[in-house]
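Peer 1: Pasting a structure here, questions to come.
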Amino acid sequence: MQDIRVSFQQLFSSSASLVVQSPGRINLIGEHTDYNNGFVLPAAIDKCVQVAIAKRTDGTIHMHAIDLQESVIVPVIAMQPHATSWVNYIIGVVVQVQKYNTSKSGSNASHEIDKGFDICIQGDIPIGAGLSSSAAVECAVIFALNEMYQLGLTTMQMALMTQQSEHEFAGVKCGIMDMFASLHGKSNQVILLDCGSLQHSYYPLDLKDYQIILFDTQIKHALASSEYNTRRMECEQGVGVLQQKYPSIKTLRDASKQQVEQCLAPKNNDAKNAISDKVYQRCKYVVDEIERVQLAVKDLLAGDIKAFGQKMYETHEGLSKLYEVSCRELDILVNAVKDNPHVLGARMMGGGFGGCTINIIKKSKVQAIIHQVAEVYAQQTAHTLKVHQVKIAQGTHIK
Ligand code: GAF
C-alpha cells in the first residue's frame with residue numbers, strides 16, 4: 001500500500017490529522033450464530049483498511065477511494081444511502097455518530113461533525129472474499145471520527161454502531177462478529193465471543209505443525225445479501241414457534257436440540273404453525289453450531305487440533321446441507337481436501353455464496369496441497385483459485 005498521508009496531501013492539499021488502520025477477519029468456527037446470540041471464534045488478520053482524515057468547515061464530506069480512484073462529495077446533513085457502495089460504509093457510520101450526538105445533547109445542539117471532513121481510504125483486504133472488508137472500513141471510520149471529534153465511544157459502542165450502519169446503509173442485517181473482531185483483535189489470539197452477552201475471552205492459537213490457509217473461490221454470487229437476510233428471518237420464524245411452547249426462548253441460543261426437534265421437526269410440526277421444513281433445518285444447524293463452537297474451544301485448549309478440524313468439516317456440512325449458504329465452488333474446495341490426511345479441517349467462511357474456505361494444513365505440505373487444489377478448481381470451475389496466507393493481527397488502531 002502507498003503512504004496514505006502522502007496520498008491525502010496530494011488529494012486535499014492539506015495534511016491528514018489522523019491515520020487509522022482496521023483489519024479484516026477470519027472466523028475459525030461459529031458461522032451464522034452471531035445474530036442468533038450464539039458463540040463465534042474470529043480473529044483479526046494482517047490485511048487491513050487505512051483511512052486518513054481531517055476536518056472541514058463547509059458542511060460537506062469529501063471522500064476518495066484510492067484503490068478505485070473514485071471521489072464522491074456529499075453534504076453532511078440528511079444523508080441517505082448512496083448508489084456507490086463504498087460510500088455507504090463511510091456515510092452510514094457518520095449517520096450513527098449524528099444519532100449518538102443527538103441522543104446525548106439534543107437535535108438543536110451544534111456538533112462539529114456536521115461541519116464535514118476530508119477522508120481517503122485504501123486497503124489490501126480482498127473485496128468479496130468474505131474477509132469483512134466492509135466492516136474494516138466502517139470500523140476504521142468510526143475509530144477515526146471518535147478520535148478526531150473526541151466522542152468518547154468505547155470499542156463496544158463502536159462495534160454496535162457500525163453494525164447498525166451496515167443494517168441501515170448497506171441493507172445487510174448482519175450480526176456483530178465482523179465489527180467486533182476488527183475492533184477487538186489481538187496479535188496471535190482468537191476471540192471467543194458470546195454474541196448474546198458480548199462477553200469475550202482471548203485464546204492463543206497454537207496450531208503446532210499446521211497453519212491456516214484461505215482458498216478464495218474468487219466469486220461472490222449476487223444473492224448473498226438477500227439470502228443472508230432470509231436466513232435471519234427463518235431463524236426468527238423458528239423462534240416464534242418455539243416460543244409458543246417455551247416462552248422463555250428469546251433467540252436460538254436459548255433453545256435446546258430437543259426443543260428444536262419437538263417443536264420444529266416436520267413430523268411434529270402441526271398445521272397451526274405451518275412452518276416449512278427449511279425453517280427446521282436452519283434452526284437445527286444453528287443450535288448444533290452453537291454447541292459445536294463450545295466443544296471446539298475445549299479441543300483447542302486441550303491441544304487437540306485434529307478434533308477441532310473435524311468440527312470445521314461438520315460445520316461445512318451443516319452450512320451446505322441444512323443452512324444452504326454454500327455454493328458449488330465452495331463445496332468443490334472443501335471436497336478437494338476432505339480426504340487429505342494433512343488437512344485437519346476445512347469449511348466455507350463468513351456469510352457464504354462465495355468467498356473463501358478456511359483450511360488447517362500441515363506446514364510442510366502447504367505448497368503441494370495448494371498446487372493440487374488449484375488444479376481441481378481449474379478443472380471443475382471456470383475460475384482460478386487464489387490463495388491467502390494470513391497472520392492473526394492487532395485490531396483497529398491509530399497508525
Ligand atoms: C457475515 C456477517 F456480517 C456476520 O455478522 C456473520 O453473520 C457471518 O456472515 C456469518 O457467520 O460475515
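The values are calculated or read from the model by the stated rules, or taken from the named source; none is laboratory data. Because the structure is a prediction, the values reported are computed rather than measured. Cβ atoms come from the backbone with ideal geometry, glycine included; neighbour counts cover every protein chain shown. Remember, those area values only see protein heavy atoms, side chains included, never the ligands or the DNA or RNA. Shrake-Rupley method; radii C 1.70, N 1.55, O 1.52, S 1.80 Å.
Peer 1: In whole Å, what three semi-axes, largest first, describe the equivalent ellipsoid of the range 255-399 built from its Cα gyration tensor (square root of 5 times each eigenvalue)?
Peer 2: So the three semi-axes of the range 255-399 are 32, 20, 15 Å.
Peer 1: So how strong a dipole does the chain carry about its Cα centre when Lys and Arg Cβ are +1 and Asp and Glu Cβ are -1, to the nearest 20 debye? Mind dumping the intermediate values first?
Peer 2: On the way: 37 positive and 39 negative charges, 95 e Å.
It works out to roughly 460 debye.
Peer 1: Considering all projection directions equally, how large on average is the shadow of the alpha-carbon convex hull of the range 231-272, in square nanometres? Present the calculation step by step, with values, prior to reporting the outcome.
Peer 2: Numbers: hull surface 11.8 nm².
Average of the hull's projected areas for the range 231-272 equals 2.9 nm².
Peer 1: Would you work out which of Val241, Cys174, His221 lies farthest towards the positive end of the dipole of the chain? Charges go on Cβ: Lys and Arg +1, Asp and Glu -1.
Peer 2: Value computed over the given set: Val241.
Peer 1: How much solvent-accessible surface does Leu295 expose, in Å² to the nearest 10, with a 1.4 Å probe and all protein chains in place?
Peer 2: The value for Leu295 is about 70 Å².
Peer 1: For the pairs Lys186/Lys284; Lys338/Lys391; Lys99/Lys173, flag any whose C-alpha to C-alpha distance is greater than 21 Å.
Peer 2: On the way: Lys186/Lys284 32 Å; Lys338/Lys391 23 Å; Lys99/Lys173 19 Å.
Where the Cα-Cα span goes over 21 Å, the pairs concerned are Lys186/Lys284; Lys338/Lys391.
Peer 1: Any idea of the accessible area per residue across the range 105-226, 1.4 Å probe, to the nearest Å²? If you can, show how the numbers build up before the last one.
Peer 2: Values: 4550 Å² over 122 residues.
Accessible area per residue, the range 105-226: 37 Å².
Peer 1: Counting helices only, and only those DSSP H runs with n ≥ 4, report the 222 nm mean residue ellipticity of the chain as the sum of -39,500 (n - 2.57) divided by its residues, in deg cm²/dmol to the nearest 500. Before the final figure, lay out the partial values.
Peer 2: Working: 11 runs with 159 residues, N = 399.
Calculated mean residue ellipticity at 222 nm is -13000 deg cm²/dmol.
Peer 1: Take the alpha carbon gyration tensor of the range 123-205, find the square roots of its eigenvalues, order them as a ≥ b ≥ c, and report rounded if a/c is under 1.5; if not, report prolate when a/b exceeds b/c, else oblate. Don't jump to the answer; show the numbers that get you there.
Peer 2: Working: a/c = 1.34, a/b = 1.15, b/c = 1.17.
Note, shape of the range 123-205 comes out rounded.
Peer 1: On C-alpha positions alone, give me the angle between the axis of helix 277-301 and the longest principal axis of the chain, in degrees, nearest 10.
Peer 2: Long axis of 277-301 versus the principal axis of the chain: about 80 degrees.
Peer 1: Could you tell me the convex hull volume per residue, in Å³, taken over the Cα atoms of the range 312-394?
Peer 2: Dividing the Cα hull volume of the range 312-394 by its residue count gives 102 Å³.
Peer 1: Over the range 306-394, with every protein chain in place, what whole percent of the accessible area is carbon and sulfur at 1.4 Å, could you tell me?
Peer 2: Values: 1820 of 3710 Å².
Carbon-and-sulfur percentage of accessible area, whole number: 49.
Peer 1: Using a 1.4 Å probe and ignoring any ligands, DNA or RNA, find the accessible area of Asp206 and quote it in Å² to the nearest 10.
Peer 2: Around 100 Å² of this residue is reachable by solvent.
Peer 1: Which one, Ile77, Ile29, Ile45, has the greatest fluctuation when you compute a Gaussian network model over the chain with C-alpha springs under 10 angstrom?
Peer 2: Ile77
Peer 1: Return the single residue from Ser225, Ser103, Ser256 with maximal mean-square fluctuation; model: Gaussian network over the chain, springs between Cα atoms under 10 Å.
Peer 2: Ser103
Peer 1: Let me ask another. Using the C-alpha atoms of the chain, what convex hull volume per residue, in cubic angstrom, is computed? Could the numbers behind the result be given before it?
Peer 2: Details: hull volume 60.1 nm³, N = 399.
Here the figure is 151 Å³ per residue.
Peer 1: If you don't mind, there's one more thing I want to ask. Could you order Thr396, Thr84, Thr384 so the one with the most accessible surface comes first? Probe is 1.4 Å. The partial results should precede the final answer.
Peer 2: Working: Thr396 15, Thr84 40, Thr384 100 Å².
Of Thr396, Thr84, Thr384, the descending order of accessible area is Thr384, Thr84, Thr396.
Peer 1: Which of the lysines could a cross-linker bridge to Lys104, judged by Cα under 23 Å and excluding same-chain residues fewer than eight apart?
Peer 2: Lys55, Lys115
Peer 1: By how many degrees, between 0 and 90 and to the nearest 10, does the Cα long axis of helix 224-245 differ from the longest principal axis of the chain?
Peer 2: For helix 224-245, the angle is close to 60 degrees.
Peer 1: Which percent, nearest 5, of DSSP beta bridges in the chain are antiparallel?
Peer 2: Working: 50 of 56 bridges.
If I count the DSSP bridges inside the chain, around 90 percent turn out antiparallel.
Peer 1: Considering the options Ser105, Leu151, Ile127, tell which one lies farthest towards the positive end of the dipole of the range 102-156, charges being +1 on Lys and Arg and -1 on Asp and Glu at the Cβ, about the Cα centre.
Peer 2: Ser105
Peer 1: Also, quick follow-up: Across the range 54-59, in residue order, what do the Karplus-derived ³J(HN,Hα) couplings come to in whole Hz, using 6.51 cos²θ - 1.76 cosθ + 1.60 with θ = phi - 60° and x for Gly and Pro?
Peer 2: Once rounded to whole Hz, the list reads 7, 6, 10, 10, 9, x.
Peer 1: Which whole-number percent gives the relative contact order of the range 246-399, counting Cα pairs below 8 Å spaced six or more residues apart? The partial results should precede the final answer.
Peer 2: On the way: 150 pairs, mean separation 22.2, N = 154.
Once divided by the residue count of the range 246-399, the mean separation gives 14 percent.
Peer 1: When only the heavy atoms of the protein chains count and the probe is 1.4 Å, how do Ser187, Ser364, Ser133, Ser22 rank by accessible area, highest first?
Peer 2: On the way: Ser187 65, Ser364 95, Ser133 25, Ser22 0 Å².
Descending accessible area places them as Ser364, Ser187, Ser133, Ser22.
Peer 1: Which of the lysines could a cross-linker span from Lys278 if the Cα-Cα distance has to be under 18 Å and same-chain partners fewer than 8 positions apart are dropped?
Peer 2: The qualifying lysines are Lys257, Lys267, Lys321.
Peer 1: If you don't mind, another one. Go ahead and set up a Gaussian network model of the chain, Cα springs under 10 Å, then flag whichever of Gly345, Gly30, Gly171 fluctuates most.
Peer 2: Gly171
Peer 1: Under 8 Å for C-alpha pairs, at least 6 residues apart: give me the relative contact order for the chain, rounded to a whole percent.
Peer 2: 24
Peer 1: Got a sec? What order do Leu300, Leu131 fall in by accessible area at 1.4 Å, biggest, i.e. largest, first? Walk me through the numbers before you get to the answer.
Peer 2: On the way: Leu300 35, Leu131 0 Å².
Descending accessible area places them as Leu300, Leu131.
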